[in-house]
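Okay, handing you the structure first.
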Ligand code: NAP
């Protein structure tokens, strides 16, 4: 019986582990893919206090060492097959193994959205990518497009502009959603070309991507943009599906929990990008990790008091 099971080993989950470990709570972390979460793909973190320029990869390695290895935290890789969070004893099952705990922190994060246009599935891994830092180097000297207008799209475009001869930045409106500083920086680069008011209708090619059919949403004009790669950065889907029958979510599918990270189920907390919040960044993920761990500790203390 663990004090805490943490589901997800991104920034929120690992920060939660740092705090639960330091509070002396027995902790199990469960991760279904690689530890690190979304930040691992960020080439350079520019807005985390006091760590200018650190790479996402280094950030993740440091956090893993600090929060997981240093405390010899139990870590299980696997996909949840079932769970029961209703009673005082929380249960999760992974394969044929069931784990029990007194509290749970869900830090399941969010995943990339798809455009949903023709050719997107067909050319995935053949010119369509959701990770500029993973795949950018394959497009050295080539022309590529980034789709989206948020911080991810602008940062991806900047990253790709180092390798690629030209980067088209295709956005469905004429104003970017990203922070002004990102926009100014990206648009100041000679080889980043914004394509406003436009959506991708089709990703075309033979074996690999060779062009995009795009449509101007204001005047309806269609055109063909010759590119070898397209990087999709159109936002995130919260990873909450599995839990929606028992834990409240908002209209966009994010866990409906306030800053205290408490859910409608006693002893169950949520942290990071999967939670409803005004700003999804590294710093707010780390903050949620800390708060959720502290709330779990408080919950355990109050339970211990009652049992005395
Ligand atoms: P986002 O902020 O939700 O932006 C998604 C962008 O994609 C928007 O510009 C949106 O257009 C566009 N879009 C959505 N669906 C589309 C579709 N079907 N076709 C075409 N375009 C579509 O997502 P994000 O950039 O991935 O960022 C996610 C969160 O992480 C945000 O909170 C962001 O601030 C944060 N983040 C922060 C940093 C940082 O360093 N500060 C870096 C990366 C991400 P509209 O604008 O018209 O809605």
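Which of rounded, prolate or oblate describes region 114-232 when judged by the alpha-carbon gyration tensor and an a/c cut-off of 1.5?
oblate
Nearest 10 degrees is fine. How inclined is helix 151-161 to the longest principal axis of the chain, computing both from alpha carbons?
So the inclination is approximately 50 degrees.
Peptides 162-171, 2-11: what's the order by average Cβ count within 10 Å, highest mean first?
2-11, 162-171
In addition: If I fit a long axis through the Cα atoms of helix 282-307 and take the longest principal axis of the Cα atoms of the chain, what angle between them do I get, 0 to 90°, rounded to 10?
Approximately 20 degrees, to the nearest ten.
Roughly speaking, what is the stretch gain from residue 202 to residue 224, that is 0.36 nm per residue apart minus the C-alpha to C-alpha distance, in nm to one decimal?
7.0 nm
Something else now. Set the Förster distance to 25 Å, then compute FRET efficiency between residue 80 and residue 250 from the Cβ-Cβ distance, nearest 0.05.
Computed FRET efficiency for residue 80 and residue 250: 0.70.
Considering Cα pairs under 8 angstrom that are at least six residues apart, work out the relative contact order of region 114-232 and quote it in whole percent.
31 percent
Let me ask another. How much of the DSSP bridge set in the chain is antiparallel, in percent, rounded to the nearest 5?
If we restrict to bridges inside the chain, about 45 percent are antiparallel.
Just grab the label-to-label distance for residue 100 and residue 66, each label 7 Å out from Cα along the Cβ direction, in nm (one decimal).
3.5 nm
Ordered by packing density, taken as the mean number of other Cβ atoms within 10 Å over each peptide's residues, highest first, how do 173-181, 279-287, 226-234 rank?
Output ranking for 173-181, 279-287, 226-234: 226-234, 279-287, 173-181.
Here is a further query. Give me the percent of DSSP beta bridges within region 114-232 that run antiparallel, rounded to the nearest 5.
Antiparallel bridges make up about 40 percent of those DSSP assigns within region 114-232.
From the Cα gyration tensor of region 1-127, with a ≥ b ≥ c the square roots of its eigenvalues, which class applies: rounded if a/c is under 1.5, or else prolate if a/b is larger than b/c, or else oblate?
In terms of gyration-tensor shape, oblate.
Please give, to one decimal in nm, the separation of the simple spin-label points placed at residue 190 and residue 172, each 7 Å out from Cα toward the Cβ.
Each label point lies 7 Å from its Cα, and together they span 3.4 nm.
Can you pull the one-decimal nm distance between simple spin-label points at residue 137 and residue 302, each 7 Å off the Cα toward Cβ?
5.0 nm
Each value in this text was obtained by applying a stated rule to the coordinates, not by laboratory testing. Values in this document were obtained by computation on a predicted structure and should not be read as measured data. In this analysis, Cβ positions are derived from the backbone assuming ideal geometry, glycine residues included, and neighbour counts consider all displayed protein chains.
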